[in-house]
Amino acid sequence: MTQESQPPPILDARWQIFLRVAEAGSLSKAATALVMPQSMVSRSITHLERQCRERLFVRTGRGVTLTEFGARLLPQVAQLATDAEALSEDIRGVRGQIMGEVRVGLLPTAVARYCGPLITEVRARMPGVRLHLVEGASAQLEEHLREGRLDMAVVLREHPDDVGDARILARVPLHLVGRHGDETVMQADVPLAKLSGLPLVVPSRPHLLRARLDRLADEHGLRLNVVTEADSVPLQCEVVAAGGGYAIMSIAGIMDARLASTPIVQPALERFVVLAVSPRRPHTRATREVHRLIAALADGL
């Protein structure tokens, strides 16, 4: 796209420089990231401070820090910048060009399923879209969504009431996981009541699965015998493989010959893999199309 065909800037470029300096904490680092002379960065900040009649940064020996006034402006300017970029993308989209950055979070177990196919589809259908992919645990990705650091993310929700407006990609049964050859997990299934008293390896509070297990224990009169707390699936698998107890997890993506699992029944327990969107980021044509692609990929799996 030629410069003449670009939509006009929505937000003064000096405020974009302000955001980059605030992020970097240094005029020189911001200048490097922006690929411009430090003197130009400094002049832009000085110009903004004159217009505002307030200091935005305090210069220190190690860089710069926001003043109280600058810190108060930062979230509002950041939101304006996000909205301006979304509007620019929409202007380009009206002209038939889908462009812009889309930030997507993926669970570790979702990376192999979605990453390659999503990259392939976006390159083929929307070459003007730039994907920013982030891998993380469900709780971490949910936090990024709330903070507006991601446009959307594939996350886990523990209960139908928690799904809300998110798009359900898959329903995953919860299993009891133990060492291969253990009689308890070599059965076709295991009733929930049989978990009472078993040595369990589960996440620590306030993990959503732990909260759900606590509620189930209260509702069904179970005695949860938690012998080890481990906050990641790989850790839980290693503890179980060493004979340290039983884990409760969805088994998608777990390929370990040392382990075996059986579904929990009476009642059957499900987790929901959903595609959730951020309430703090604008929906652009690019984000809507990427959302649609992920949903279509899930339907094809």
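Pairs are defined by a Cβ separation below 6 Å, a sequence spacing of at least 6 or placement on different chains, a first member in segment 230-250 that is assigned by TED's automatic domain parsing to the domain that holds Val265, and a second member that is outside any loop (DSSP other than H, G, I, E, B) and among the basic types (Lys, Arg); the pairs so defined are Ser250/Arg271. Taking the conditions exactly as written (over 22 Å from the mean Cα position of the chain (by Cα) and at pLDDT below 95), does Ala124 satisfy them or not? In short, yes. Looking across segment 98-117, the residues that are over 14 Å from Arg288 (Cα atoms) and surrounded by 15 or more Cβ atoms within 10 Å (Cβ to Cβ) come down to Gly105, Leu106, Leu107, Thr109, Ala110, Arg113, Tyr114, Cys115, Pro117.
Restricting segment 196-235 to residues that are closer than 26 Å to Val155 by Cα and touching a Phe, Trp or Tyr at 6+ places or on another chain (Cβ under 8 Å), the residue that is surrounded by the fewest Cβ atoms within 10 Å (Cβ to Cβ) is Leu200.
Taking the options Leu80, Leu48, Leu118, name whichever one is part of a helix (DSSP H, G or I) and in the same structural domain as Ile294 (by TED's automatic domain parsing).
Going through Leu80, Leu48, Leu118 in turn, just one is part of a helix (DSSP H, G or I) and in the same structural domain as Ile294 (by TED's automatic domain parsing): Leu118.
Does Thr65 satisfy the condition of being within 26 Å of the chain's Cα centre (by Cα), surrounded by fewer than 18 Cβ atoms within 10 Å (Cβ to Cβ) and at pLDDT 90 or above? In short, no. Against the conditions (1) without any contact (Cβ under 8 Å) to a residue 40 or more places away in the chain; (2) hydrophobic (A, V, I, L, M, F, W, C); (3) within 15 Å of Gly245 (Cβ to Cβ), Leu195 satisfies every one except (1). In segment 140-176, of all residues being in a helix (DSSP H, G or I) and of a type outside the set (Asp, Glu), the one that is nearest to Val202 (Cα to Cα) corresponds to Gln140. Within segment 77-100, take every residue that is small (Gly, Ala, Ser) and modelled with pLDDT of 70 or more and give me the one that is farthest from Leu150 (Cα to Cα). It comes out as Ser88. Quick check: is even one residue across segment 168-191 modelled with pLDDT under 90 and basic (Lys, Arg)? No, that holds for no residue.
The values are calculated or read from the model by the stated rules, or taken from the named source; none is laboratory data. Keep in mind the model is a prediction, meaning the values are calculated, not measured. For neighbour counting, all protein chains shown are included, and Cβ atoms are generated from backbone atoms with ideal geometry for every residue, glycine included.
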